[in-house]
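The values are calculated or read from the model by the stated rules, or taken from the named source; none is laboratory data. Because the structure is predicted, anything quoted here is derived from the model rather than measured. So basically every Cβ, Gly included, is an ideal-geometry build from the backbone, and we count neighbours across all protein chains shown.
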Amino acid sequence: MNEENKEMTKEEVLTRAQNIFRDSKSGYNLIWESMKHDMDQYDGLFGKEENKFSEFLGAKRLFINKTYPQVQRILAEILDVFFNDPDEIVNVKTQKNLPYEYPQAVKTLMNHILNGHPIEAYKEVYEVALDAIKNKYGVFKVYPKIKTSQEIVTQRVLLDDGFEADVELETDVISAYEPRMEACAPEDVMFSRWSTWKDYHQKPVIHRYRKTKAELHGMGYRGFEDVQPLNSTLSDNPVSNQRDEKYMVPRNSQNTAWGLEEVMVYETWDVMLDAETGEYASFKHMEVGDLTGPLSVIEMPVKNDLPYRFSEFEIVRHPFLLTLAYPEPHRLVGKSFPEITRGLQQETNAQANQEREAVARAMRPTVYVNTDSIVDINALSQRRIGGYVKGQGPAGEAIQELRGSDPTGIAGRYRARTDMDYYEIGLPPNLQGISQGNNTATAESQQLSNAIKKLSMVVKSVVYTGLLPALTYLLRLEQNYRSDADIEKLIGRKLGWRLSDDNFPARELIQGDFELTVSLSPGKSNQLNRLLLVSDRMNQYNQSLGVLLQMRAISPEQAQFANPAPVFKELLKMEGMRETGEFMIPAQQPIDTPMKGAPSLPGNVTDPMQQISQMSPAEAGPAAVL
């Protein structure tokens, strides 16, 4: 990004950033409050009205957390799709007639990057998928880290007189490149409140995060010296505060950040008019400030030159990807699993605690005391746990226990109904590893099939809204910024038709969208089975083709046999045996073998005319022929 929009002043840029921040934040207040309740339910925390002390039990009420295991079960299904094989996370397919090793080399490059070089894909996908399930949405940020250096290159140019000459030019050259795919906290990425989940990449977005002044100075930014550091580690949204109170040191006004001199950085990806072209384009500008908003500009608008343009009729996209598990039409964010099951979770807690108290009352029944009897009520209440009542009715004894009906039978029916509601909205027991034991095999299979359909819908939403677009962005970065030397170093070979070094960017070698597509890898075991099946079908094809040639059903010019040797070599490579030549034996010339048997010796010809007459049907007559 090196093309500044010089038509705007710093004051205008700051005003625009403040307006975008206020506009985006105004649409998130209700979302943040709902996200806080979702996180409380996921963590198993009662509300203030529910978390009361039971005087009869002598303990607090229980929280029967059904949200956590069901969310984790859905998350496990998503991770199983993405990380079926840790070595084969993604797959690359080609739509052109390219050599088989070509997309395989690009796939090797992508899997190398996602396996901790430098992206730790499991951590990032885990966080985004979990955010999408329990916090309404998750956010990927896919962007490059680039270092440039000044180099003098020789370039042939056309002079005014029509002659060509070699001219030395000083230009910026990429000296270091590293792709990044990060999971952002969803409350820190604020999309425009006018966006939907289909067009958010064409609207402004703000990403805010904390940085120390020393870090900003080391990154080359200026203009933040007069901004006061944050005087508290508290955030202005309840989601961040709730997360830190649960898992980290509680944030309060006494736990300050003065020593670190932290400031809030506002990374604004804006859509504004380009002064040079007169068209709307994507720009990035950065500001620093406090929790109330931006206060000072540290980077003027720079045109977005990321390789994220997928159509001539849209602007270049920003690096953020909205990931949804339960999308809603014509809205930005969807629903969350805790939000869907909130009523059932409260009903489960209420039933469980009512049943506990009912069982306790049944074990310690109320005592009926006749007022005409001489009973020390104070001593009775001190020596016994439970209640008592006084009455004047007829009674055979002065003190007797009042027995009621069994509460467990009544509570069991209500609990079964609530569980059935959970099965309809959430997951059935057999999908969570719990067997009911009273269903037939047909009923179990039908229930499991319906539950898998609901799970697959969630998996598809997460994959198609976040995971696959993130991988596509990552491939775009490799196409534009990865050098030939890095590619050869990582995968052990050069890319391109002639497999030689050249001056073309990697996007000329790693083909574009119409030639290479990224998909989730089906796993090494499935790939092995598919290659074995292809090899077996090749052998059957060759045998059938040989039979047709022997029968002269087709001409030799129409026949073309299949060679299963490359498939077998690929099987060896997938098993880690890169040097496949060790398993190959060169073909030998077949040895000539003598014909079996010996020809019979010719007999003595005593009467040739007689033999000829026996061989000729015309001379021998009809009888001889028959």
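When VAL71, VAL92, VAL106 are checked against the criterion of being β-branched (Val, Ile, Thr), at pLDDT 80 or above and farther than 30 Å from LYS454 by Cα, VAL106 stands alone in meeting it.
Screening the candidates THR268, THR233, THR196 for the property of being closer than 25 Å to ASP23 by Cα, of a type in the set (Val, Ile, Thr), buried (at least 19 other Cβ atoms within 10 Å of the Cβ) and at pLDDT 90 or above yields one hit, THR268.
Checking GLU151, GLU120 one by one, the residue that is loosely packed, with under 15 Cβ neighbours inside 10 Å and within 14 Å of the chain's Cα centre (by Cα) is GLU120 and no other.
Comparison of ASP172, ASP160 shows that the only residue that is more than 22 Å from HIS207 (Cβ to Cβ) and part of a loop (DSSP other than H, G, I, E, B) is ASP160.
GLY58: farther than 20 Å from VAL128 by Cβ, surrounded by fewer than 15 Cβ atoms within 10 Å (Cβ to Cβ) and either under 33 Å from the mean Cα position of the chain (by Cα) or modelled with pLDDT of 85 or more (or both), yes or no?
In short, no.
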